[in-house]
Each structure stands twice: as C-alpha cells, then as structure tokens.
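> Sharing a structure, written as structure tokens. Questions coming.
Just so it is clear, none of the values below were taken in a lab; they were calculated from the coordinates. Keep in mind the model is a prediction, meaning the values are calculated, not measured. Positions of Cβ are generated from backbone atoms using ideal geometry, with glycine treated the same way; all protein chains shown enter the neighbour counts.
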Amino acid sequence: MLAACLRRGGRELAVATTAFADSGGGNATTLTLAKPSGTAAGDLLVVYLASQAGANWTNADSFVERADTGTHLVATKVATGSEPASYVFTASGSSKLAGFILRIPGAVFDAIGAASINNMNVVLPAVTMTQDGLALAFVFNSLASTSFSISGWALVVQDNNANTPSIGIFSKKVPAGSTGTVTTTSTSASSGILLGVK
C-alpha cells in the first residue's frame with residue numbers, strides 16, 4: 001500500500017506497509033515479521049513493535065535500535081542483497097505483542113523524537129529534520145480495537161483488530177527543522193513517538 005510520496009531531487013520516497021504480525025491475542029516472548037515483499041538492497045526497513053505488558057526488545061538481523069521505551073520499539077536497517085525471509089524479535093518478558101515493518105526505498109534514517117507514554121490523545125514531542133523528508137508517527141494502545149487519528153496526517157496502516165495491542169502509523173511530508181508537537185486522537189490513553197526519514 002502506497003501511503004505517502006515525496007519527490008525531491010528526482011527521487012521519490014514511498015512508504016509501503018508490507019508486513020504485520022501479532023501474537024494472536026496470547027502472550028509470547030518473540031514476534032516474527034516477514035520480510036516486506038519487494039525488498040531490495042538499499043531499501044530502508046523501519047520496524048515498530050509494541051508490547052501490552054511492557055518489555056524491552058532484542059533486535060533481529062542487524063536492525064539498529066532508535067528507541068526502546070519498555071513498551072514499544074523503533075528500529076531501522078538498510079536492506080542488503082541477502083535479507084532473510086523473516087525477522088525474529090525477542091521481548092524481555094512474556095506479553096501480548098504486535099508489530100509492523102515499513103519498506104521505504106531510497107530513504108535513510110534522519111532523526112527520532114522523544115516518546116510520550118500513556119496519555120489520552122497523546123501529544124508526540126517534535127522531531128527535528130536535518131532536511132526535507134517524511135515524518136512517521138507511531139502510536140500504540142495496550143487495548144484491543146483502539147482507533148487512532150492525526151489531523152493533517154495520512155494514515156499508513158492501522159491494526160485495531162480484536163487482538164491486543166493496537167497500533168496506528170501515520171505519515172506527513174515535512175520541511176527541514178522542527179515538526180512541532182503532534183497531537184493524536186484515540187479512544188483511550190496511548191503512547192507514541194515520531195521518526196524522520198530523508
């Protein structure tokens with residue numbers, strides 16, 4: 001699914017959501033996410049994982065941790081020409097788990113903001129972009145069937161099925177500099193974080 005595009009210097013950034021997994025509503029200590037279809041060498045892979053009960057994460061296959069709050073993880077890697085068929089992430093404790101991988105051809109990591117934890121209509125602290133790029137907002141809730149929205153942002157993907165936790169991912173083209181804070185709307189207290197790619 002093409003969620004957002006940014007044409008800059010003849011190059012188009014495209015965000016695709018091609019991999020999702022959860023623990024089926026039960027507790028687990030590992031979560032396996034398939035390699036996004038179409039992944040090629042040089043693609044930026046962004047993983048977002050959430051734990052209902054709270055857990056730190058061990059990254060898989062050379063992913064670089066950008067934030068691990070004890071409830072959610074953001075990590076990135078630049079794909080090589082020999083990526084595995086799937087990636088296994090390990091939580092420090094048994095919990096209900098869910099996660100996505102985004103594939104962004106031609107992009108690189110730019111910056112990440114501070115996390116905001118367990119607030120109604122959570123306000124995400126700003127991220128400062130070093131150049132024009134794409135901001136991604138990740139939001140999660142420990143309950144099932146939670147919906148999210150952010151005014152003026154495009155919904156990339158939302159997991160609000162009957163299994164917990166729930167996740168929402170949004171994107172927006174942004175110029176260099178601070179994005180300013182971003183206010184999300186949700187049906188109960190949630191947590192989230194902003195990531196910038198360029």
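> Subtracting the Cα-Cα distance from 0.36 nm times the residue separation, let me have the gained length for Ser149 to Asp132 in nm, one decimal. Each step should come with its number before you reach the end.
Working: separation 17, 0.36 × 17 = 6.12 nm, distance 2.34 nm.
Difference between extended and current length: 3.8 nm.
> Taking 35 Å as R0, compute the FRET efficiency from the Cβ-Cβ separation of Ala176 and Asn119 and round it to 0.05.
About 0.80, to the nearest 0.05.
> Just want the answer: with Cβ charges of +1 for Lys and Arg and -1 for Asp and Glu, which residue in Thr164, Gly133, Val197 is farthest toward the dipole's positive end in segment 2-197?
Positive-end residue among those listed: Gly133.
> Now for a different question. Once mean projected area of the Cα convex hull in nm² is worked out from the coordinates, which option in [x] 10.2; [y] 9.5; [z] 12.4 does it equal?
[y]
> Work out the length of the dipole vector of the chain about its Cα centre, built from +1 on the beta-carbon of each Lys and Arg and -1 on the beta-carbon of each Asp and Glu, and round it to the nearest 20 debye.
Dipole magnitude for the chain comes out near 360 debye.
> Can you list the lysines whose alpha carbon sits under 19 Å from that of Lys173, skipping same-chain ones fewer than 8 residues off?
Hits, sequence-local ones excluded: Lys198.
> Another question, if that's okay. At Thr80 and Ala34, where each label point lies 7 Å from the Cα along Cα→Cβ, what is the point-to-point distance in nanometres?
Between Thr80 and Ala34, the simple spin-label model gives 2.3 nm.
> Turning to a different aspect of this structure: Hey, what did the chain get for relative contact order, percent, Cα under 8 Å, at least 6 apart? Spell out each step's value before the answer.
Details: 610 pairs, mean separation 49.3, N = 198.
Relative contact order of the chain: 25 percent.
> Report the Cα centroid-to-centroid distance between segment 162-198 and segment 121-138 in angstrom, as an integer.
7 Å
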